[in-house]
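Have a look at the structure below before the remarks.
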Amino acid sequence: MNEFTESVSGGAGPSGAAMAPPPGCPAHGGAMRLSGLEYQQTPSELYRAMRREYGPVAPILLDGDIPAWLVLGYAEVSYVTGHDDLFARDSRRWNQWGSIPADWPLMPFVGYQPSVLFTEGPEHQRRAGVITEALEGVDQFELAHWSRRIAHQLIDAFAGSGRAELMASYAHALPMRAAVQMCGMPAGGDDTEELVRDLRITLDAHEGDDPVAAYIRVQERIQQLVKEKRSAPGPDVTSRMLVNQARLSDEEIIQDLISIIAAAQQPTANWIGNSLRLLLTDDRFALNVSGGRLSVGQALNEVLWLDTPTQNFIGRWAVRDTQLGGRQIRAGDCVVLGLAAANTDPQIWPEGHVGAENSAHLSFSNGEHRCPYPAPLLADVIARTAVETLLERLPDVVLGVEPAELHWRPSIWMRGLTSLPVRFTPVVR
């Protein structure tokens with residue numbers, strides 16, 4: 001799972017009387033607000049500047065000037081994610097709950113929910129084990145077949161026009177449809193399409209949308225799916241979770257299915273979009289794109305290093321007082337994982353050149369709470385199939401605007417384009 005799955009969880013944190021930040025917390029001096037245009041346009045330059053000023057662990061202020069720590073170093077992120085005994089996932093430990101209002105913008109990310117995202121120890125191993133076994137049952141060749149069929153259907157809708165906006169009509173739509181089908185929803189049905197629309201609203205609400213109402217409908221439809229699969233199981237993720245020996249309750253399965261679908265959609269969509277942007281704007285790929293499967297794979301991997309879909313992940317909470325990167329971390333402090341910053345840490349790329357040939361990036365996190373092992377493989381199948389199919393169907397596709405006119409979403413958490421307009425020779429299938 002990754003950070004964005006928490007944004008659909010809802011929930012509220014512990015309440016209490018307002019309190020001042022504890023002594024030694026980041027708010028006591030020199031902290032940087034985790035906001036601003038730098039995150040939208042040039043986050044890598046901002047991370048470099050923060051690293052020069054603060055070192056591998058920086059004091060930051062979240063919305064409402066709530067103090068936290070941003071971990072910028074590769075070794076430090078690896079340490080945090082590898083030591084659950086020091087940096088745990090249960091957000092109820094946070095020493096700032098008394099200062100946080102109920103309508104705090106980041107509440108959906110950190111408000112405790114009884115899902116796999118916030119479990120720890122044996123309970124997390126139990127819940128994550130069920131998800132891992134259910135995902136291991138997905139046939140990757142079959143998933144590629146589904147993804148290719150979905151890709152053709154989506155491309156058919158705009159191929160004859162010679163123009164398209166790929167983020168909404170392709171990059172976001174494809175992994176969503178693949179994910180719900182993987183979980184046992186029938187392809188193409190009205191009920192499935194309604195779930196896809198509500199998931200889109202929940203994950204990426206537009207003006208006039210009601211994400212809370214959409215999330216309630218998502219919960220109700222997943223609840224119905226679980227009920228249907230109990231009576232008529234099939235070869236799908238939901239059915240495998242239901243028959244697992246861990247015997248999760250229906251409510252646990254509902255929560256974890258929503259996490260699975262969310263994790264499969266938003267990061268994968270931005271992985272697809274960021275990779276298409278790289279292929280369409282970088283001269284290194286221009287001569288090899290047409291039919292060039294190796295260059296597609298290189299683009300996908302380079303994006304995970306340099307434009308990873310999940311920039312920052314909130315978070316971990318210190319179990320007890322400890323030190324990290326020369327900083328004194330107090331029990332209950334919030335630690336934000338700077339995955340994008342860690343991937344470009346000059347300590348691992350001392351000559352300043354990020355060699356994207358290997359896969360030692362932290363884009364899927366690390367440690368016990370990283371994405372369960374099959375998930376990155378399945379995301380790669382969906383993303384690779386999406387990019388290759390588009391290039392095969394529209395071999396002369398080019399960017400529809402100047403590269404400088406592309407805009408990144410104004411998010412400190414996700415790295416993705418607001419739109420990706422393209423032009424191509426109209427094709428009638």
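The values are calculated or read from the model by the stated rules, or taken from the named source; none is laboratory data. What you are looking at is a predicted structure, and each value in this text was computed from that prediction instead of being measured. With ideal geometry, Cβ positions are generated from the backbone for all residues, glycine too; neighbour counts draw on all protein chains shown. All accessible areas refer to the heavy atoms of the entire protein, side chains included, with ligands and DNA or RNA removed. Shrake-Rupley method; radii C 1.70, N 1.55, O 1.52, S 1.80 Å.
List the residue pairs whose Cβ atoms are under 7 Å apart, where the first residue sits in region 208-220 and is hydrophobic (A, V, I, L, M, F, W, C), the second is surrounded by 13 or more Cβ atoms within 10 Å (Cβ to Cβ) and not in a loop (DSSP other than H, G, I, E, B), and the two are 6 or more positions apart or on different chains.
What qualifies is ALA214/ASP198; ALA214/ILE201; ALA214/THR202; VAL218/LEU195; VAL218/ASP198; VAL218/LEU199; VAL218/THR202; VAL218/ILE258.
Run PRO67 past the list (1) closer than 16 Å to ALA31 by Cβ; (2) touching a helix residue (DSSP H, G or I) at 6+ places or on another chain (Cβ under 7 Å); (3) open to solvent by 20 Å² or more (accessible area, probe 1.4 Å) and report the number of the one that doesn't hold.
Condition (3) is where PRO67 drops out.
Looking at VAL130, VAL180, VAL212, can you tell me which residue is within 30 Å of ARG277 (Cα to Cα) and of a type in the set (Val, Ile, Thr)?
VAL180
List every residue pair whose Cβ atoms sit under 6 Å apart, with the two residues 6 or more apart in sequence or on different chains, where the first one lies in region 145-165 and is closer than 24 Å to GLN181 by Cα and in contact (Cβ under 8 Å) with a residue 24 or more places away in the chain and the second, anywhere, is part of a helix (DSSP H, G or I) and open to solvent by 40 Å² or more (accessible area, probe 1.4 Å).
ILE150/ARG177
If HIS206 meets every condition in (1) within 19 Å of the chain's Cα centre (by Cα); (2) closer than 30 Å to LEU242 by Cα; (3) open to solvent by 50 Å² or more (accessible area, probe 1.4 Å) apart from one, which number is that one?
Going through (1) within 19 Å of the chain's Cα centre (by Cα); (2) closer than 30 Å to LEU242 by Cα; (3) open to solvent by 50 Å² or more (accessible area, probe 1.4 Å) one by one, HIS206 breaks only (2).
If you take the residues in region 325-370 that are charged (D, E, K, R) and modelled with pLDDT under 95, which one is farthest from LEU300 (Cα to Cα)?
It comes out as GLU368.
Take the residues in region 392-429 that are more than 17 Å from SER275 (Cα to Cα) and aliphatic (A, V, I, L, M); name whichever of them is most open to solvent (accessible area, probe 1.4 Å).
Filtering region 392-429 for residues that are more than 17 Å from SER275 (Cα to Cα) and aliphatic (A, V, I, L, M), the one most open to solvent (accessible area, probe 1.4 Å) comes out as VAL428.
In region 93-119, which residues are under 21 Å from SER259 (Cβ atoms) and assigned to a helix (DSSP H, G or I)?
Answer for region 93-119, where residues must be under 21 Å from SER259 (Cβ atoms) and assigned to a helix (DSSP H, G or I): ARG93, MET107, PRO108, PHE109, VAL110, VAL116, LEU117, PHE118.
Looking at (1) in a loop (DSSP other than H, G, I, E, B); (2) in contact with a His (Cβ under 8 Å, 6 or more places away or on another chain), find the lone condition where ARG200 falls short.
(1)
Which helices (runs of 4 or more DSSP H) does region 249-346 wholly contain that include 3 or more residues that are over 30 Å from ARG126 (Cα atoms) and within 25 Å of the chain's Cα centre (by Cα)?
250-281, 293-306
Which of the following residues is of a type outside the set (A, V, I, L, M) and at pLDDT 95 or above: GLN140, GLN113?
GLN140
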